[in-house]
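The values are calculated or read from the model by the stated rules, or taken from the named source; none is laboratory data. Please read these numbers as outputs of a predicted model, since none were measured by experiment. A quick note on method: Cβ atoms are made from the backbone with ideal geometry, for glycine too, and the neighbour counts reach across all protein chains shown.
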Amino acid sequence: MKVLIATDGTMDPLVAAEAATRLAGDDGEVTVFTVIEIPRRLLTDLRAVYGESSEPAPIDQSIETAGHPTPRPHLSFDWPGDDALLNRYIDDQTASRTDAVVTALADRGITTTPVGVESEDSVSEILSYAASGDYDVICIGTHGQGRFEGLLGSTSTKIIRRAARSVLTIRS
């Protein structure tokens, strides 16, 4: 059985590992999946955290062919270092949100694949990934940190309502 554990990092890793182990069995496949939202306005802060310059490296230009470079006082995104910086942040967040569950599964002899993607719509990403990987069941926690949990419904509630496959909620 193919099991997708969707987590925001708040799920109890021991409970999740126990449920996934029972579902996957000896020959099953388990993926621990997380969705990371990155508002682009945070790039300046990320550059500071990772020790990157807030300005791109100067480009060697010939005054005769390119003219004088125009200074750019504040860059918000879309300069060559952004992709690498964002990928590094996604890798760090993926590890911090999935490592505990991956370790708990490894302690039970289950090899897992941690996956992190960037998106502003975690529900659609989880459902899309589950469908594209042909997973049999989605495991998701019931107590996350959704911004509008009481107002618009939690991620787990939306997954339960929209999923085309079985969903196991894990109370943590």
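Which members of the stretch 2-18 meet the condition of being of a type outside the set (S, T, N, Q) and either in contact with a strand residue (DSSP E or B) (Cβ under 6 Å, 6 or more places away or on another chain) or within 19 Å of Leu127 (Cβ to Cβ) (or both)? Across the stretch 2-18, the qualifying residues are Lys2, Val3, Leu4, Ile5, Ala6, Asp8, Met11, Val15, Ala16. Of the candidates Gly133, Gly116, Gly109, the single residue that is within 9 Å of the chain's Cα centre (by Cα) and of a type in the set (Gly, Ala, Ser) is Gly116. Highlighted here are the helices (runs of 4 or more DSSP H) found entirely within the stretch 55-140 that include at least 3 residues which are surrounded by 16 or more Cβ atoms within 10 Å (Cβ to Cβ) and modelled with pLDDT under 90: 82-107. Filtering the stretch 15-29 to residues that are surrounded by 16 or more Cβ atoms within 10 Å (Cβ to Cβ), part of a helix (DSSP H, G or I) and not small (Gly, Ala, Ser) leaves Val15, Thr21, Leu23. With respect to the conditions (1) under 18 Å from Val30 (Cβ atoms); (2) small (Gly, Ala, Ser); (3) touching a residue at least 60 places away in the same chain (Cβ under 8 Å), Ala106 falls short on a single one, namely (3).
Consider the stretch 30-45. How many of its residues are surrounded by fewer than 18 Cβ atoms within 10 Å (Cβ to Cβ) and either more than 19 Å from Asn87 (Cβ to Cβ) or not basic (Lys, Arg) (or both)?
The qualifying residues number 6.
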